[in-house]
1. With respect to LEU87, determine if the residue is outside the structural domain of GLY213 (by TED's automatic domain parsing) and either within 15 Å of the ligand (Cβ to nearest atom) or within 23 Å of ALA298 (Cα to Cα) (or both).
2. Report yes if SER56 is over 26 Å from LYS272 (Cβ atoms) and within 11 Å of the ligand (Cβ to nearest atom), otherwise no.
3. Scan region 29-75 for residues that are acidic (Asp, Glu) and within 21 Å of the chain's Cα centre (by Cα) and jot them down.
4. Inside region 269-279, can you point out the residues that are farther than 26 Å from ALA145 by Cα and either in contact with a Pro (Cβ under 9 Å, 6 or more places away or on another chain) or surrounded by 24 or more Cβ atoms within 10 Å (Cβ to Cβ) (or both)?
5. Looking at the structure I just gave you, is ILE130 within 26 Å of LEU189 (Cα to Cα) and open to solvent by less than 60 Å² (accessible area, probe 1.4 Å)?
6. Would you mind stating whether GLY43 is open to solvent by 10 Å² or more (accessible area, probe 1.4 Å), within 15 Å of the ligand (Cβ to nearest atom), assigned to a loop (DSSP other than H, G, I, E, B) and modelled with pLDDT of 95 or more?
7. Considering only helices (runs of 4 or more DSSP H) fully contained in region 243-334, which possess at least 1 residues that are under 19 Å from the mean Cα position of the chain (by Cα)?
8. Would you point out which residue out of ILE58, ILE94, ILE108 is at pLDDT 95 or above and either buried (at least 17 other Cβ atoms within 10 Å of the Cβ) or among the hydrophobic types (A, V, I, L, M, F, W, C) (or both)?
Amino acid sequence: MITVRPKIDYDCDVLIVGGGPAGSGLAFHLASKGIKVIVVEAGVFPRDKICGDGVSPIALAELEKMGITGTKKFKKANEIKKVGLFLKDSKAFIDLSKPDNLPFHARIIPRIELDNWIYEAAKKAGATYIQGTRVINYSITSNLALVELKNADKIFSLKAKLIVGADGSNSTIARKLHDRKPQDDYQLLGLRAYYKNVNGPRDRVDIYFNEGGFPGIFWMFPKGENGANIGIAMISKTFPHKPPHIKDLLMTHISNNPDILERIGPGEIEGKIDGWPITFFNAKQKIVADRLMLVGEAAGLINPLSGDGIQYALISANWASKTIEKCVKTHDFTSEALDAYTKQVNQNVGYDFALSDLLVQFPRNKSFTKVWMTILTVMIERAKTDKQYADIVAGIFEGTYPSYKALTGDFIIKSLKQGGIEIGKALTNSLINPSDTINTSIEVTQQLFKLIEDLKAHPKAHLNWVGDTASKVFTVAKHAAKSNPIAK
Ligand SMILES: Cc1cc2nc3c(=O)[nH]c(=O)nc-3n(C[C@H](O)[C@H](O)[C@H](O)COP(=O)(O)OP(=O)(O)OC[C@H]3O[C@@H](n4cnc5c(N)ncnc54)[C@H](O)[C@@H]3O)c2cc1C
């Protein structure tokens, strides 16, 4: 049978919405294969993006494939060889081993530079950019994706064979596809402040936990000679109490934590403190449809445990380019053809993201914050003395170690053993200082009462939490049963 294709004057094969790491990464791969690409970007490069600026070894390996790692500027970026973990008096300083199969240690690269490097590489490969322009709508027919753009007061449209949403956590394309805005069950809120004139070291990132700021993580990442990126990422939806305003949490942490104060030294804030949502993976939502695909954070490709997303933006761009190349050759842009990309995403990160989503679900319940402080203290104490254990903990935060791989008997037994050692220390201490035992008993009793009061005051919130947790356990179990995750 001969298929007659209508003659349409397409402006490009693929129109990519957003020129961040996902959009420009995809533009690079497609243009390198001779596919006609237009990237529509709301900003104008070089443009900033609110971020911790931590670029993991996996992300750097993707940049190497794009020829971006040979420059003097890349070599100057802070190479991260150590991570500090802090919770009250528990502190661990872990030497980061470079993963064997990856070319670099993690680096801190301000997004105003990183995204510009990827944009330059994509342009050099042949991609066309339309900057300072937003995509405001699109429609799909059997023959084309018609995309509506707005530049200042001018509205115009372009015709493409395929539209790709790479427009980040608040994606216009994903909202229309899912017919809803991102849900707060699948969001973190992030806040970033740049500092100048801080103390060293230049090669260590620090992560801080504290009870008031939980379930959130604070960081201090070195930037350049004497700058720093300091911030917080916090789970948006918590039970039964709402978290306090994250700007207050960040400022309280910076003013009161002796470890960060020592590192900031004479440093001062540079520019504005800015926030941005982080949207993570909801396996129930589609990431492809006829003539449409989502990549990077528009597809929710973020690890909710660490907030790490640059590596998934770059990797998903690479996966998507392989599927799109085939679709361009076969002129088939149906959702069935594009689904090869969905399968690749599910196979590689589905299990890990489902498990991370479940792990994030537990600390959402703020009635158990004290328990989490104990678990984190146990992990930090173990990481001090056990290099293999420390590598796993650091790898999970760095995004090089999938969380499902940590679920080995060895890791769990070591954590439990350390828990036993901590209890032993507390018991010994109570024999030496009986007054401490009384204080601890009072504290435990107070916590129990608080928990019972919380349960009585917010029964519905706790029930909802139990229901959500059960559903997430079920999702993880499904993945565990059927998945054969490809090791990163
Ligand atoms: C506070 C904070 C800290 C973070 N820290 C880290 C970290 O240290 N390491 C890490 O790996 N990840 C971190 N992340 C996550 C990381 O920023 C994202 O995962 C990453 O930026 C996703 O890349 P992307 O290309 O998918 O989207 P983005 O980088 O968000 O790019 C989307 C692009 O689309 C453009 N755009 C949006 N809407 C439109 C439209 N309608 N039309 C045209 N253009 C549009 C935007 O201008 C933007 O340039 C952090 C995020 C936050 C908020």
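1. Values: outside the structural domain of GLY213 (by TED's automatic domain parsing): yes; either within 15 Å of the ligand (Cβ to nearest atom) or within 23 Å of ALA298 (Cα to Cα) (or both): no.
The answer is no for LEU87.
2. Spelling it out, SER56 is indeed over 26 Å from LYS272 (Cβ atoms) and within 11 Å of the ligand (Cβ to nearest atom).
3. If we filter region 29-75 for residues that are acidic (Asp, Glu), which is where we start, we get 41, 48, 53, 62, 64.
Across region 29-75, the qualifying residues are ASP48, ASP53, GLU62, GLU64.
4. First, pick out the residues of region 269-279 that are farther than 26 Å from ALA145 by Cα: 269-278.
Of everything in region 269-279, those that are farther than 26 Å from ALA145 by Cα and either in contact with a Pro (Cβ under 9 Å, 6 or more places away or on another chain) or surrounded by 24 or more Cβ atoms within 10 Å (Cβ to Cβ) (or both) turn out to be PRO277, ILE278.
5. Working: within 26 Å of LEU189 (Cα to Cα): no; open to solvent by less than 60 Å² (accessible area, probe 1.4 Å): yes.
For ILE130, the condition - within 26 Å of LEU189 (Cα to Cα) and open to solvent by less than 60 Å² (accessible area, probe 1.4 Å) - is not met.
6. On the way: open to solvent by 10 Å² or more (accessible area, probe 1.4 Å): yes; within 15 Å of the ligand (Cβ to nearest atom): yes; assigned to a loop (DSSP other than H, G, I, E, B): yes; modelled with pLDDT of 95 or more: yes.
Yes: the conditions hold for GLY43.
7. Output list reads 246-256, 310-330.
8. Working: ILE58 fails: at pLDDT 95 or above; ILE94 fails: at pLDDT 95 or above.
Answer to the selection: ILE108.
The values are calculated or read from the model by the stated rules, or taken from the named source; none is laboratory data. Just so it is clear, the model here is predicted, and its values are computed rather than measured. Ideal geometry is used to build each Cβ from the backbone, glycine not excepted, and the neighbour counts take in all protein chains shown. Note: accessible area is taken over every heavy atom of the protein model, side chains too, but ligands, DNA and RNA are not part of it. Shrake-Rupley method; radii C 1.70, N 1.55, O 1.52, S 1.80 Å.
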